[in-house]
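> Mind having a look at this structure? Questions to follow.
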Amino acid sequence: MTARCVMVLGTSSGAGKSWLATALCRWYARQGLRVAPFKAQNMSNNARVVATPAGGLGEIGSAQYFQALAARAVPEVRMNPVLLKPERDDHSQLVLLGDVHPQLTAMPWRERGPLLWPVVRDALDALREEHDVVVIEGAGSPAEINLQESDIANLRVAAHAQAACLLVADIDRGGAFAHLYGTWALLPPEQRALLRGFVLNRFRGDAALLQPGPAQLEGLTGVPTAATLPMVWQHGLPEEDGLFDERRAAPGPVRLRVAVVAWPRISNLDEFQPLANVPGLRLRWARTPAELADADWVILPGSKNTAADLQWLRTQGLARAVVDHANAGRPVLGICGGLQVLGEALVDPHELAGNGPGLGLLPLVTQFAAAKTVRRTGVTFEALGGAWSALSGLRVQGYEIHTGHTAQHAGMAAGRIALPDGLGWTNAQGNVLGIYLHGLFEDAGVLQALFGATAPTLATVFDRLADVIEAHFAAGVLPSLVAC
């Protein structure tokens, strides 16, 4: 059987495509259908480790990982065959079917399309053969007319799958009717014919005030407004394209302030979403020393370019602020690139990232290598003291995505090893912890041990999203999108 395809397009990045695609995956799965997500090409430094058809492991964008879980499917690389991971403003690493592809990475952007399209097409066709419904997420906007000739993520996918398309606009930004009409007007006629409905996302207020806008828009385009979705602050789904909105913090009095350093090439920021859901905890994104001043914890997150982000840390004055925070005995956590920054030095013999001194908070040296480590990891914390003592003895499942090998500096006093197999270290005082393990705060046992609290499970989050679209889509629209 060849699956029916529903495609979520957006008038812009950040319009709500990922949110809606995730909700659709869960809604159709609740109807007893075999559902898979798909995004031909994603640009994000938020990635997860998943299975490859050959039985190995590779990377896909975090959004498709969560969409697969929402669909009750096993995440795998065909769900996001092309992943672009920005390393600089003008350069991205290209991951094809889960693996870094150096030749395509080095190739000019417009020359890649003819080589990538067969891979995208075959991945989508294979998923369609194995499922009843494929929920496809577009990229950016389909009306980027300067890119249409080389497009492999929007119109070409929609036409190949003959997908029933929804076009989403963020009404909270203003200008939603113009965004929808302008996007429709710039689409070729054959793609316009695939549009089955407009979606107004993040609406606040009295829906009656929208009239007669939807009716006038339908008169101009022939496309009905299928749904007006409300602003949902506490949906609990990790953001894909940006940092979390602090208005989505859990309610209640503040007991703990956690500052995550938001350096330019931050990666895997989605793993901090559970912290935003913990009662009494306030998660803050820090770009200046002042934003660290009253923090109880400081976290240095993952980075797609550790050396460049370390230099940014120094330029901003944040390096000194992090060191002062640690020297005052307050907790500092470094994850992946953050771990590398905490050490004594970065060594780059292959000229991949850059050499330079680290913050010197842990007696470690990181040497970068061309090969990337991509694996799932389960570890048990050894006995810890100080701020991280609550983790002692806990078994945690997570994942690793990094280049470089970190080891104890031969000329330095031993740092206390917190995890086996060179995955983590603490300092002698026990307040600075560096780990390669991503996903620490996604473990319910860790949240309970550190904060005495829990966050909503992903299953609960997915069902809440499905409930929202079920309540706000026009009657019969969702079933009609997959009807033969």
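> Residues in the stretch 354-399 that are under 30 Å from V95 (Cβ atoms) and hydrophobic (A, V, I, L, M, F, W, C): how many?
11
> Six or more apart or on different chains, Cβ atoms under 8 Å: show the pairs whose first residue is in the stretch 241-264 and closer than 22 Å to L318 by Cβ and whose second is modelled with pLDDT under 55 and outside any helix (DSSP H, G or I).
A262/L243
> Test of understanding: among G14, G58, G98, which residue is open to solvent by less than 10 Å² (accessible area, probe 1.4 Å) and at positive phi? I'd like the intermediate steps shown before the answer.
Numbers: G14 fails: open to solvent by less than 10 Å² (accessible area, probe 1.4 Å); G58 fails: at positive phi.
Just one listed residue meets the conditions, G98.
> Right, another one. If you go through the stretch 171-193, how many residues are surrounded by 20 or more Cβ atoms within 10 Å (Cβ to Cβ), within 23 Å of A40 (Cα to Cα) and not polar (S, T, N, Q)? Outline the logic, then answer.
First pass over the stretch 171-193, keeping only residues surrounded by 20 or more Cβ atoms within 10 Å (Cβ to Cβ): 171, 176, 179-180, 183-184, 187, 191.
With the extra rule that they be within 23 Å of A40 (Cα to Cα), the set shrinks to 180, 183-184, 187, 191.
Still in the list and also not polar (S, T, N, Q): 180, 184, 187.
Looking only at that region, the number is 3.
> Is there any pair linking a residue in the stretch 327-352 that is free of Cβ contacts under 8 Å to residues at least 60 places away in the same chain and closer than 15 Å to V365 by Cα to one that is hydroxyl-bearing (S, T, Y) and not in a loop (DSSP other than H, G, I, E, B), with Cβ under 9 Å and at least six apart or on different chains, and which?
The qualifying pairs are V341/S303; V341/T306; V341/T366; L346/T306; L346/T366; V347/T366.
> Do any residues in the stretch 158-181 that are under 25 Å from A483 (Cα atoms) have Cβ atoms under 7 Å from those of residues that are open to solvent by 40 Å² or more (accessible area, probe 1.4 Å), where the two are at least six apart or on different chains, and which pairs are they?
A159/E190; H160/R121; A164/R196; C165/R196; L166/R196; A169/H179
> Could you please find all residues in the stretch 18-58 being over 22 Å from L97 (Cα atoms) and modelled with pLDDT under 95?
Once the filter is applied, which keeps residues that are over 22 Å from L97 (Cα atoms) and modelled with pLDDT under 95, the stretch 18-58 yields only W19.
> What is the one condition in (1) open to solvent by less than 50 Å² (accessible area, probe 1.4 Å); (2) at pLDDT below 90; (3) farther than 18 Å from A387 by Cα; (4) out of contact with any helix residue (DSSP H, G or I) (no Cβ under 7 Å at 6 or more places or on another chain) that E400 does not satisfy?
Failed condition: (2).
> Name every residue in the stretch 71-85 that is farther than 22 Å from G140 by Cα and open to solvent by less than 10 Å² (accessible area, probe 1.4 Å), in order of residue number.
Scanning the stretch 71-85 gives a single hit, A71.
> Considering only residues that are part of a loop (DSSP other than H, G, I, E, B), small (G, A, S) and within 17 Å of R192 (Cα to Cα), look in the stretch 152-181 and name the one that is modelled with the highest pLDDT.
Initial filter on the stretch 152-181 (part of a loop (DSSP other than H, G, I, E, B)): 152-154, 162-163, 174-175.
Of the ones still in play, those that are also small (G, A, S) are 153, 163, 174-175.
From what's left, within 17 Å of R192 (Cα to Cα): 153, 163.
On the way: A153: 92, A163: 97.
Going through the qualifying residues, I end up with A163.
Every residue, every condition in (1) buried (at least 22 other Cβ atoms within 10 Å of the Cβ); (2) out of contact with any helix residue (DSSP H, G or I) (no Cβ under 7 Å at 6 or more places or on another chain); (3) of a type outside the set (D, E); (4) assigned to a helix (DSSP H, G or I), yes or no:
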residue	(1), (2), (3), (4)
W425	yes, yes, yes, no
Q429	no, no, yes, no
V446	no, no, yes, yes
A449	no, no, yes, yes
A453	no, no, yes, no
V461	yes, yes, yes, yes
R464	no, yes, yes, yes
E470	no, no, no, yes
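> So how many residues does the stretch 182-210 have that are in a loop (DSSP other than H, G, I, E, B) and of a type in the set (D, E)?
Our first condition is that a residue be in a loop (DSSP other than H, G, I, E, B); within the stretch 182-210, this holds for 187-188, 193-194, 204-206.
With of a type in the set (D, E) added as a condition, the list becomes 206.
Qualifying residue count, the stretch 182-210: 1.
> Out of the stretch 170-201, which residues are of a type in the set (F, W, Y) and in contact with a Gly (Cβ under 7 Å, 6 or more places away or on another chain)? Working first, answer last.
Filtering the stretch 170-201 for residues of a type in the set (F, W, Y) gives 177, 181, 184, 198.
Across the stretch 170-201, the qualifying residue is only F177.
> Answer yes or no as to whether V133 is of a type in the set (V, I, T), more than 20 Å from E400 (Cα to Cα) and open to solvent by 10 Å² or more (accessible area, probe 1.4 Å).
On the way: of a type in the set (V, I, T): yes; more than 20 Å from E400 (Cα to Cα): yes; open to solvent by 10 Å² or more (accessible area, probe 1.4 Å): no.
It is false that V133 is of a type in the set (V, I, T), more than 20 Å from E400 (Cα to Cα) and open to solvent by 10 Å² or more (accessible area, probe 1.4 Å).
> If we only count strands (runs of 3 or more DSSP E) wholly inside the stretch 252-371, which ones have 2 or more residues that are open to solvent by less than 20 Å² (accessible area, probe 1.4 Å), farther than 19 Å from H438 by Cβ and not aromatic (F, W, Y)?
Working: elements: 256-261, 281-286, 297-300, 332-335, 345-347.
The strands (runs of 3 or more DSSP E) meeting that bar are 281-286.
> Restricting attention to the stretch 128-151, does a residue exist that is in a helix (DSSP H, G or I) and hydrophobic (A, V, I, L, M, F, W, C)? Can you show your working first?
Taking the stretch 128-151 first, the residues in a helix (DSSP H, G or I) are 128-130, 148-150.
Of the ones still in play, those that are also hydrophobic (A, V, I, L, M, F, W, C) are none.
No, the stretch 128-151 contains no residue that is in a helix (DSSP H, G or I) and hydrophobic (A, V, I, L, M, F, W, C).
The values are calculated or read from the model by the stated rules, or taken from the named source; none is laboratory data. Here the structure is a predicted model, which is why all the values come from computation and not from measurement. All Cβ positions, even for glycine, are placed from backbone atoms using ideal geometry, and neighbour counts span all protein chains on display. SASA here: full protein model, heavy atoms, side chains in, ligands and nucleic acids out. Shrake-Rupley method; radii C 1.70, N 1.55, O 1.52, S 1.80 Å.
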